[in-house]
Amino acid sequence: MIAITDQPIDHAAVTDRVRSTRAGAVCTFLGTTREFTGGRTTNHLDYEAYPGMAERTLEDLEAQARQRWDLIEVAVVHRVGRVELGEISVVVAVSSPHRVAAFEACQWLMDTIKQVVPIWKKEIWADGTEEWVHPGLGPESGQAGP
Amino acid sequence: MIAITDQPIDHAAVTDRVRSTRAGAVCTFLGTTREFTGGRTTNHLDYEAYPGMAERTLEDLEAQARQRWDLIEVAVVHRVGRVELGEISVVVAVSSPHRVAAFEACQWLMDTIKQVVPIWKKEIWADGTEEWVHPGLGPESGQAGP
Amino acid sequence: MTVTIRLFAVARQRVGAPEIRVDLPEPATVGDLRRAAGEQYPELALLLPAMMVAVENEYVGDAVAVAEGSEIALIPPVSGGSAAFATPPAGTQ
Amino acid sequence: MTVTIRLFAVARQRVGAPEIRVDLPEPATVGDLRRAAGEQYPELALLLPAMMVAVENEYVGDAVAVAEGSEIALIPPVSGGSAAFATPPAGTQ
C-alpha cells in the first residue's frame, strides 16, 4: 500500500495494515520533524512531491523489496506540505514471517526512498530563512531565500 | 521504559512514548504470533518470564544500547501468558536524531532480547501438542507432552 | 519542437514557475534538452548537472530520445540522495 | 547448606514444581550446585548442561561461590538464543 497525503499520518493504522497471522515480525519506521540540526533550530518542514511519479517510484520500490525479501505486507505513506516539529513525514511498515527480513526490508526501503523518490524537503529555520535540502547542490544552490 | 505485562500491548502507545521533537527517526518492532512454522500450525503461544530478572536484564540492554548509539528514548514491552494468533508478544521502540542509529539499535535490542532475557515461549500446536522453544536442547528435551 | 518541462523544489523556485517550455531541434535527446534548458533558462544552468531527467515518470539517461508531448521533468537531488545522484539509480535507462 | 533454586519453562515442567531445594557442601560453587542438582533431581540431568545459572538476577559462571539465602535460578535457553548459550553472554562472571 502506497500513499501520498497532505494530512497527518496515523502511524498505528499503517502498522496495523501490515499485521497478519502469517507474520512473526513487523518493522515500522517513522520519519519525524527534528527541532535541532547541527547548531540550527527548525521551525517546520515543507515537503513537495512530484505527483504520480512519487507514487509510481514507491510502488516500484515495494515490488523490488518483495522480490528481495520474504514479505507479507508493505505500506508506505509519505506526507507532503507543511509538517510541524515532531510530526510524521513518512511511515514505512513491513511484515514478514521472520524478523531479519522485516528489519532489512524496512531499512532498505527507507534508505532507498530517500535516494530516488521525487519528494523534496524544505527546511524553514526558526530564524525565518528557508532552504531546500538537495544533497550535492551545495548550500548556496539550495538556498531558497528569506 | 521497560515493562512486562499479561495484557494485550498497545503498540501505538509504545511508539508514541519514544517520539520527540529531538528525534528525526523512530523504529518500532513488533513480534507477533505466526500461524505457520515449517509445516506445522500454531494454535497459540504461552510466554513465561522470570519476574524481576527479565525486567532487570531488559534495563541492562537499554543502558547498553544507549551507550552504543545516540538514542533519545527506548521502550520495550514484553507480554507473558497466552498470546493468540496475530497478537503482539513484544514491542521494541527506539528514537534517535538519525535513522541509521534507530534501525541498528532496534534490531540489536530485539536480537539480544531473544538471546539473553529470561522469557520463554511454549508453542501450543493446532494438533494439541505443546513444546517449549529452547534452542540447543533438541526437540525431545523441549517436548512438553500432550 | 517545443516541450514542456515540469520543475520542482529549488528549480521551480529559481525560475518562479512550475514548468518551462523549451525549444528543441528535431530529433532531440535528453542531452540536447539539458543543453537547451540551460541556454534558454540561465537560472537553471548551475543546477542542471546535478538534476536527473524523468520522462513519463521514469529516470532516463542523456542518450534517450525526446518525443513531443511526453511528460518531462527535471528532478533535483532528493533529501537523502547525493550518492544515488552521483550514479544513476537502478531502472535508469 | 540447603539452597532453593527457581525453575522455569521445560525445567519447571520436568520437575513438576516451580522450585527445588538442593543440599550442598559448604563452601560450594555454582559448579557444585549444578552437579548436586543433577544428582538430586535426575530429571534435570539432561537439561543442566544447556542451562545458565543466575544468582541474584545475574548470569554467573561455574566458579562463583554460592551463598545460603541467595536467589538462585536455572535458566533454560531462551527462544532465540542458541548462540548466546554456547558462549556465556556479556556480563557473565
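The values are calculated or read from the model by the stated rules, or taken from the named source; none is laboratory data. All figures in this text were calculated on a predicted structure; none of them were measured in a lab. All Cβ positions, even for glycine, are placed from backbone atoms using ideal geometry, and neighbour counts span all protein chains on display.
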| message | When the residues of the range D:1-21 are narrowed to those that are in contact with a strand residue (DSSP E or B) (Cβ under 7 Å, 6 or more places away or on another chain) and not aliphatic (A, V, I, L, M), which ends up surrounded by the most Cβ atoms within 10 Å (Cβ to Cβ)? | response | D:Phe8
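Okay, residues lined up against (1) in contact (Cβ under 8 Å) with a residue 12 or more places away in the chain; (2) touching a strand residue (DSSP E or B) at 6+ places or on another chain (Cβ under 7 Å); (3) crowded, with 17+ Cβ neighbours inside 10 Å:
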| position | (1), (2), (3) |
| --- | --- |
| B:Ile2 | yes, yes, yes |
| B:Gln7 | yes, no, no |
| B:Asp10 | no, no, no |
| B:Asp16 | no, no, no |
| B:Ala25 | yes, yes, yes |
| B:Thr28 | yes, yes, yes |
| B:Thr41 | yes, yes, no |
| task | Inspect all residues belonging to the range C:6-14 and state whether any of them is more than 14 Å from the chain's Cα centre (by Cα) and basic (Lys, Arg). | result | yes
| query | Based on what the data block shows, is A:Glu48 within 14 Å of chain B (Cβ to nearest Cβ), touching a strand residue (DSSP E or B) at 6+ places or on another chain (Cβ under 9 Å) and surrounded by fewer than 22 Cβ atoms within 10 Å (Cβ to Cβ)? | reply | no
| How many residues does the range A:2-39 contain that are more than 18 Å from B:Arg19 (Cβ to Cβ) and modelled with pLDDT under 95? | 2
| said: Can you list residue pairs whose Cβ atoms sit under 6 Å apart, with the first residue in the range C:3-29 being free of Cβ contacts under 8 Å to residues at least 24 places away in the same chain and the second being among the small types (Gly, Ala, Ser) and surrounded by fewer than 21 Cβ atoms within 10 Å (Cβ to Cβ)? Count only pairs 6 or more apart in sequence or on different chains. | reply: C:Gln13/A:Ala144; C:Val22/C:Ala36
| task | Test B:Thr37 against the criterion of being under 20 Å from A:Ser96 (Cβ atoms), among the polar types (S, T, N, Q) and either away from chain D (no Cβ under 14 Å) or crowded, with 18+ Cβ neighbours inside 10 Å (or both), and give yes or no. | result | no
| said: For the range B:114-137, check the following and say yes or no: at least one residue is buried (at least 22 other Cβ atoms within 10 Å of the Cβ), outside any helix (DSSP H, G or I) and out of contact with any strand residue (DSSP E or B) (no Cβ under 9 Å at 6 or more places or on another chain). | reply: yes
| task | Among the residues of the range A:91-118, write down those that are away from chain C (no Cβ under 13 Å) and of a type in the set (Ser, Thr, Tyr). | result | A:Ser95, A:Ser96
| request: Find the strands (runs of 3 or more DSSP E) located wholly in chain C whose residues include 3 or more that are over 29 Å from A:Ala63 (Cα atoms) and at pLDDT 95 or above, and list them. | output: C:2-6, C:19-23
| What are the residues in the range B:63-118 that are of a type in the set (Asp, Glu) and farther than 18 Å from B:Ala49 by Cα, if any? | B:Asp70, B:Glu73, B:Glu104
| request: From C:Leu33, C:Leu24, C:Leu48, C:Leu74, grab the single residue that is buried (at least 18 other Cβ atoms within 10 Å of the Cβ) and closer than 30 Å to A:Ile124 by Cβ. | output: C:Leu74
| query | Pick from the range A:70-89 the residues that are over 25 Å from C:Glu56 (Cα atoms) and within 14 Å of chain C (Cβ to nearest Cβ): which of them is surrounded by the fewest Cβ atoms within 10 Å (Cβ to Cβ)? | reply | A:Ser89
| Before we move on, is B:Arg79 modelled with pLDDT of 95 or more, farther than 22 Å from A:Ala13 by Cβ and among the basic types (Lys, Arg)? | no
| message | If A:Ala101 satisfies all but one of (1) at negative phi; (2) in contact with a strand residue (DSSP E or B) (Cβ under 7 Å, 6 or more places away or on another chain); (3) not β-branched (Val, Ile, Thr), what's the number of the condition it fails? | response | (2)
| Which of the residues belonging to the range A:27-56 are of a type in the set (Val, Ile, Thr) and in contact with a helix residue (DSSP H, G or I) (Cβ under 6 Å, 6 or more places away or on another chain)? | A:Thr28
